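In what follows, a single structure is set out as structure tokens and then discussed.
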Amino acid sequence: MERKQYPAHLLRAYLEGKATREEIDALLRYFQLPEESDELVRLIIDEFNQPIPDSIDPGQVASINKRVSDRLSHHIGSMEPIQTSKRKRPVLIRLLPYAAAAVVAVVITWLTAGDRQSETVDQQFVNAEEILPGGNKAILSLSDGRTVILDEAQEGIVIDNDRISYADGAAEALMRLNTEKAEQLTLTTPRGGMYAVTLPDGSRVWLNASSVLRYPSRFTGGQRVVEIEGEGYFEISPDTKQPFIVRSRGQEVGVLGTEFNISAYPDDPKSHTTLVEGKVQIVNRLSKAIRSLAPGEQATVEGGQTRVQKVDVTQYTAWKEGFFYFDGVAPQIAFDQMERWYDIDVVYRGKVPSTRFFGMIDRSGTLHDALVILKESGLQCRLVRSGGVNQLMVIGE
């Protein structure tokens with residue numbers, strides 16, 4: 001959506017309670033809002049709040065700021081709500097200090113540009129329908145420096161003796177491996193990507209977005225050891241003689257044959273292991289404490305602490321089946337998942353919302369489809385493109 005330019009005095013008029021009905025309706029259309037709310041004021045303030053050019057004398061700015069602040073402060077006691085033909089707009093006195101700063105930004109724009117219009121540089125509104133979901137995207141790297149960008153039409157790869165091929169078996173080997181010694185392989189998914197790999201022992205791993213899995217081309221010795229950063233769902237082939245070990249930040253997960261999910265993203269101080277079936281042992285690498293999990297339990301490791309609790313495993317494994325599943329999760333958890341899958345940056349304006357989210361969302365839909373459900377929880381947001389990055393601005397409480 002191409003951004004329009006509105007005279008600064010129109011935006012200021014709304015903040016001061018002087019806008020006409022037609023001007024208010026124009027602002028609602030501009031900011032894509034169905035009705036008047038505190039959110040409209042915040043968006044107008046964001047629109048005004050541009051960086052102050054270096055060429056402006058700081059003393060001049062301070063003088064302007066004082067005059068505007070004094071005028072608005074004097075206005076607080078006398079300002080009354082505007083009565084429209086059908087609706088009444090409340091005066092948001094608690095936002096007036098911010099409005100003062102906003103008006104200062106407008107005055108500075110007048111001093112520098114002379115056109116008395118407010119504009120946001122390099123920022124455009126984006127239709128959420130245009131933000132497509134992630135897909136099968138990954139890069140496979142070998143220790144000798146070779147890399148392969150994996151086919152997005154495929155869902156996974158298979159490691160089998162001296163060759164790596166796609167899981168459907170339709171194509172020739174992607175590459176040949178060293179037959180004399182095990183090679184270290186790395187599977188990396190970007191934002192908006194996921195991929196599956198069948199390991200040399202037949203175990204399978206589904207790798208979620210923004211994740212890294214390191215594993216050997218063949219398992220030797222008394223253990224099968226892999227490392228993960230990010231999130232992966234593991235389906236381990238049983239082998240009592242060669243236990244399977246998954247290393248992630250702060251923990252080691254030991255298994256014989258089982259299914260479980262590990263989430264250990266670098267930006268999350270906690271590592272979560274959720275057991276679907278079988279049995280696993282969690283070793284806290286800091287405290288050396290050992291905890292066992294039964295199906296339906298989750299271990300959370302943070303520093304030297306390990307906490308075990310009963311959970312609904314679907315909430316932590318639905319991504320593998322192509323869904324977001326929110327069962328009373330905190331908004332930030334939901335937005336973190338959407339950020340990785342839709343390759344967007346989530347920016348919070350004000351306090352992070354506290355309303356819990358419920359619902360199941362198909363991950364194959366556009367960002368718009370996901371936001372429709374979240375908005376039912378009272379979420380307010382807008383999508384813009386700034387500096388070449390899609391940003392979802394979430395309006396806080």
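Do we find a residue being over 16 Å from His272 (Cα atoms), touching a strand residue (DSSP E or B) at 6+ places or on another chain (Cβ under 7 Å), hydroxyl-bearing (Ser, Thr, Tyr) and in a strand (DSSP E or B) anywhere in region 311-331? Within region 311-331, one or more residues are over 16 Å from His272 (Cα atoms), touching a strand residue (DSSP E or B) at 6+ places or on another chain (Cβ under 7 Å), hydroxyl-bearing (Ser, Thr, Tyr) and in a strand (DSSP E or B).
Each residue in region 306-330 was checked for being surrounded by fewer than 16 Cβ atoms within 10 Å (Cβ to Cβ) and touching a helix residue (DSSP H, G or I) at 6+ places or on another chain (Cβ under 6 Å), and 1 of them qualify.
Thr274 satisfies every condition listed in (1) outside any loop (DSSP other than H, G, I, E, B); (2) in contact with a strand residue (DSSP E or B) (Cβ under 7 Å, 6 or more places away or on another chain); (3) modelled with pLDDT under 95 except (3). Screening Ala182 on (1) free of Cβ contacts under 8 Å to residues at least 40 places away in the same chain; (2) among the small types (Gly, Ala, Ser); (3) closer than 25 Å to Arg363 by Cα; (4) open to solvent by less than 60 Å² (accessible area, probe 1.4 Å) shows it passes everything except condition (3). Taking the residues in region 347-387 that are open to solvent by 70 Å² or more (accessible area, probe 1.4 Å) and of a type in the set (Lys, Arg) as candidates, determine which candidate is farthest from Asp336 (Cα to Cα). That would be Arg385.
So, of the residues in region 337-369 that are part of a helix (DSSP H, G or I) and in contact (Cβ under 8 Å) with a residue 60 or more places away in the chain, which turns out to be farthest from Glu155 (Cα to Cα)? The extreme case among them is His368. When Ala318 is tested against the conditions (1) under 16 Å from the mean Cα position of the chain (by Cα); (2) of a type in the set (Gly, Ala, Ser); (3) within 18 Å of Gly193 (Cβ to Cβ), the lone failure is (1).
Has region 236-246 got at least one residue that is touching a residue at least 12 places away in the same chain (Cβ under 8 Å) and touching a Ser or Thr at 6+ places or on another chain (Cβ under 6 Å)? Yes; the residues of region 236-246 include at least one that is touching a residue at least 12 places away in the same chain (Cβ under 8 Å) and touching a Ser or Thr at 6+ places or on another chain (Cβ under 6 Å).
Matching residues to (1) assigned to a strand (DSSP E or B); (2) more than 19 Å from Gly322 (Cα to Cα); (3) among the aromatic types (Phe, Trp, Tyr):
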position	(1), (2), (3)
Arg191	no, no, no
Ala196	yes, no, no
Tyr215	yes, yes, yes
Thr220	no, yes, no
Glu227	yes, yes, no
Asp239	no, yes, no
Ile262	yes, no, no
Ser287	no, yes, no
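Condition check for Pro269 on (1) part of a loop (DSSP other than H, G, I, E, B); (2) more than 20 Å from the chain's Cα centre (by Cα): one failure, at (2). Can you confirm whether Gly387 is among the small types (Gly, Ala, Ser) and touching a Phe, Trp or Tyr at 6+ places or on another chain (Cβ under 6 Å)? No, not satisfied. Could you tell me whether any residue of region 221-228 is in contact (Cβ under 8 Å) with a residue 12 or more places away in the chain and touching a Gly at 6+ places or on another chain (Cβ under 6 Å)? Checked region 221-228: no residue is in contact (Cβ under 8 Å) with a residue 12 or more places away in the chain and touching a Gly at 6+ places or on another chain (Cβ under 6 Å).
For region 191-232, the set of residues classified as surrounded by fewer than 17 Cβ atoms within 10 Å (Cβ to Cβ) and touching a helix residue (DSSP H, G or I) at 6+ places or on another chain (Cβ under 9 Å) consists of Arg191 only. Here Asn261 passes the criteria (1) modelled with pLDDT under 95; (2) in contact with a Phe, Trp or Tyr (Cβ under 8 Å, 6 or more places away or on another chain); (3) crowded, with 21+ Cβ neighbours inside 10 Å except the one numbered (1).
The values are calculated or read from the model by the stated rules, or taken from the named source; none is laboratory data. Predicted, not measured: the structure shown is a model, and the values here were computed from it. Neighbour counts are summed over all protein chains in view; Cβ atoms, including those assigned to glycine, are modelled from backbone coordinates with ideal geometry. The accessibility values were calculated without ligands, DNA or RNA, using every heavy atom of the protein model including side chains. Shrake-Rupley method; radii C 1.70, N 1.55, O 1.52, S 1.80 Å.
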